[in-house]
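Bear in mind these aren't lab numbers, they're just calculated from the coordinates by the rules spelled out. Source: prediction; values computed, not measured. Heads up, the Cβs are rebuilt from the backbone with ideal geometry, glycines too, and the neighbour counts pull from every protein chain shown.
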Amino acid sequence: MFPFDVILFDVGGVLLTNGWDKRERAAAVERFHLDPADFEASHLAAYDAWERDVISGKTYLDATVFHQPRSFSRGDFFSFVLSQSKPLPDGALGILGELAASHKYMLGALNNEARETNEYRFREFGLRKYFDVALSSCYLGLRKPEPAIYRRAIDIVGGPAERILFIDDREENVAGAAAAKMKTILFQGAEKLRDELASLGVLLRTIKGEDSCKLD
């Protein structure tokens, strides 16, 4: 009856800001007077393992920041990390809420995120009330755009891949999902996403000046 059974969202860059991307790390370097080259090299060496839940947040911080004495605590630094998470301007949170209210689709996250920040973001921004499934890298031990994470996602939600829609802001992640036969949308803002969902029969087109409505 409906065009898809499952709609999966990336979180950072689609619903929320990228909580610990280059811009946020640069802000931390400035705020805590870190050596930029040392911190970034340490981050690149440890971040993949943190997002796969191979290491804990404490281990990540020990490797990247607290491998030498600091005038601030782990708590101070991690509070700053969490503070970088905000609703994304022109993001898709409102659209996610509409889809959840329709009760027509299984909704979920397919995102790369470390356990501590993932659980904070889900809790702080109420994402769990929308999501039926969380296919996060920290729970699966896999990261986008690895082919295995898309296969695992299809297996968990029950497929078939052609009945799954995946929305992400990074071309490589969208390409990975498309290679797994999912339907994909490259996120480029809420208005464009709404138009693309309307074209796919997921939402009715918005009439200018009126509230959007969902497909009955």
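Counting only Cα atoms, the range 22-83 measures 28, 24, 21 Å along its principal axes, largest extent leading. Over 30 Å between Cα atoms: which of 22/192; 22/104; 58/144; 58/192 fall into that group? Listed pairs above 30 Å: 22/104; 58/192. Only beta bridges with both residues in the chain are counted; by DSSP, about 10 percent of them are antiparallel. Other residues lying with their Cβ under 15 Å from the Cβ of residue 143 contribute a combined charge of -3, Lys and Arg counting +1, Asp and Glu -1. Computed over the chain, relative contact order equals 27 percent, with contacts defined as Cα pairs under 8 Å that lie 6+ residues apart.
Mind sorting out which of (1) 19; (2) 24; (3) 13 is the real percent of Cα pairs over 31 Å apart computed from the coordinates? Computed from these coordinates, percent of Cα pairs over 31 Å apart corresponds to label (2).
With the charge dipole of the range 22-83 set up from +1 on Lys and Arg Cβ and -1 on Asp and Glu Cβ about the Cα centre, the Cα lying farthest toward the positive end among the listed residues 61, 80, 26 is that of 80.
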